[in-house]
1. Hey, what did the chain get for relative contact order, percent, Cα under 8 Å, at least 6 apart?
2. Tell me which residues come under 5 Å, amide H to amide H, from Ile238 once H is placed; ignore anything under 5 positions away on its chain.
3. What would the Debye formula give as log10 I(q)/I(0) at q = 0.09, 0.11, 0.15, 0.20 Å⁻¹ for the alpha-carbon point model of the range 5-146, no solvent?
4. Using helices alone, what [θ] at 222 nm do you get for the chain, with -39,500 (n - 2.57) per DSSP H run of 4 or more residues, divided over all residues and rounded to the nearest 500?
5. Residue by residue through the range 89-95, what is 3J(HN,Hα) from phi via Karplus (6.51 cos²θ - 1.76 cosθ + 1.60, θ = phi - 60°)? Round to whole Hz and write x for glycine and proline.
6. Listed highest first by mean packing, meaning other Cβ atoms within 10 Å per residue, what order do 141-153, 73-85, 1-13 come in?
7. How large is ³J(HN,Hα), in whole Hz, for each residue of the range 316-325 in order, when computed from phi with the Karplus curve 6.51 cos²θ - 1.76 cosθ + 1.60 and θ = phi - 60°, using x for Gly and Pro?
8. What is the spin-label model distance, in nm, from Glu298 to Ser160 if the labels are put 7 Å beyond Cα along the C-beta direction?
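None of the figures in this text is laboratory data; all of them are computed from the coordinates on show. Predicted model, so just to flag it, every value in this text is computed and none were measured. All Cβ positions, even for glycine, are placed from backbone atoms using ideal geometry, and neighbour counts span all protein chains on display.
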Amino acid sequence: MFGAWKGNTFSDNPKYLYLYVLKFHPHIIPVWVTNNDSVYVQIKTAGGKVVKKDSFQALPYVFSAEAFFYTFNDSEITDYGNASALKVELWHGMPLKKIGYNCEPPQPEKGSHDILIATAEIFRSSLCSAFGVPSDSIYITGQPRNDCFYERGSRKNVLSWMNLDKHNVVITYLPTFRNNFHSRGQAGAIITELTRNMRFKTILEQHNAVCLIKEHYNRLMYSKDHIQIDRQDRISIISAISDIEDIQELLCASDILITDYSSCYIDYLLLNRPIIFFCYDLETYKNTDRGFYYDFDEVTPGPKVRTVDQLAEELENYLQNPLRDTERRTQICNLFHQYQDNKSSERVYQLVSNILLERKNKLEGILEFRGNSAHLIHDILK
């Protein structure tokens, strides 16, 4: 069974693994769990199996499922639990910023996890400490959601679907979430300033470019001060969760990524396209918000800007020379990604299949031993 983002979206690693199983392993019944009516209809229309969380329809699958796959914890699948199901934490990105037990105060995910996946060995220790799990529960497989980067024609299809193919350049700004309430307000003010900056808008006009701005899921869900701007041809804020819920599709379509401390840039490295780090509150975020597992400057291959004017300048530089920083991006990509292909879903599937088979064989061995022991005792008693 599969679930993502607290039952609200059809996205992220569980989505791509679900679609992989649906396409390549017809003998298996993958079941998606959601609370969202539009997600339910979307999957149903596509021919997939989908249930509402903890509905009467869902419970037989919950109690018979061999594995749960999720982005936060298994409550995305059910609140009743299934002790025998293998719990597979697919998470939603490799950690640059601190998560789970490493936050201050700690923010551990509920429940226990049998398996966590990672894209490279460098993440093993941070995931172990963040989730409080042993090292041997971390498996280097790559993330299923990144398989789409390697599908032929995927960018062209995404551009057409998003009605962006009339633009020469697509720029996407994906800021991360701030824990600090004041910082959240500052993030909103920065976005507003960006949409009003004449130099930024002029650069977009000159290069027939469009800038898409998507606020972080947590801000969309839990903040009341959503950004509102006048509709513009070249700047669009994706503020409704249902507009474009799959970040990978945005990344696939983007020629240049603007972000701050979001792990989306780690995925985007696989495309080796320009990245600008808009870190206007770096010291605050590092010292009083989440903080980082790694030296920020060492693992972020792109210019660091603090103001909208600096951002506009670096954007123009990349538009004139998109190959700048290519070698540095490749170096960091190799550090963060052991696999750079479209087979992450396949590796996760094979991993889970092997573990389930081992469990089955072990159980059969125990039952056989108990059966033999019972016969032996019976013979002795005779």
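1. 17
2. Ile213, Lys214, Glu215
3. Ignoring solvent entirely, the Cα scatterers give -0.27, -0.41, -0.76, -1.27.
4. Helix contribution divided over all residues of the chain: -12500 deg cm²/dmol.
5. 7, 8, 6, 9, x, 6, x
6. Order by mean packing, descending: 1-13, 141-153, 73-85.
7. Running phi through 6.51 cos²θ - 1.76 cosθ + 1.60 with θ = phi - 60° gives 5, 4, 5, 5, 7, 9, x, 7, 4, 6 Hz.
8. Roughly 4.5 nm, to one decimal.
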